[in-house]
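Below: the structure, in structure tokens.
The values are calculated or read from the model by the stated rules, or taken from the named source; none is laboratory data. Bear in mind the structure is a predicted one, so any value in this text is a computation, not a measurement. So basically every Cβ, Gly included, is an ideal-geometry build from the backbone, and we count neighbours across all protein chains shown.
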Amino acid sequence: MFEAWTVRQAQVSAEEEHIRHTLQQMPDAQRLAFYQRYQPAIKDPDTYAALNWFFVAGLHNFYVGQWLAGLFDLVLMLLGVGLLFVAPAIGIALLVLVALIELPTLLRSQVIVAHLNNQIALRLLGEQALADV
């Protein structure tokens, strides 16, 4: 949920380089098996950003499998909208809070999704290494 503040471009680049190097060392058959599992699992940063931009209610979190963060955003957003009619000041404050939480996520969607895709690749490489043993 707070990847926008914790994930750094240098870290993501280092992960990508490590993955690239690991894949270069693999035999062709293993590399092919990896990509057959990796391609359907990766997420698109533009879809993530669009879901964040148009539906601030946390749908981008559901897209990448972060269900708890998605539920938190959705509940906070719905609570804010509901409170607009009962206690407008609190409703507006909650909506502003959601926007403040999600704005950095929107602005850094490329790095965040690249990091999440790297985590998928590293998990698959670990599973493949265990299967080869």
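The test for being surrounded by 13 or more Cβ atoms within 10 Å (Cβ to Cβ), at pLDDT below 90 and touching a helix residue (DSSP H, G or I) at 6+ places or on another chain (Cβ under 8 Å) does not hold for LEU83.
Scanning the range 37-46 for residues that are at pLDDT 90 or above and assigned to a helix (DSSP H, G or I), we see that the one that is surrounded by the most Cβ atoms within 10 Å (Cβ to Cβ) is TYR38. Among the criteria (1) within 14 Å of the chain's Cα centre (by Cα); (2) outside any helix (DSSP H, G or I), the one ASN52 does not fulfil is (2).
Within the range 7-36, the set of residues being surrounded by 15 or more Cβ atoms within 10 Å (Cβ to Cβ) and either part of a helix (DSSP H, G or I) or touching a Pro at 6+ places or on another chain (Cβ under 9 Å) (or both) comprises VAL12, GLU15, GLU16, ILE19, THR22, LEU23, GLN30, ARG31, ALA33, PHE34.
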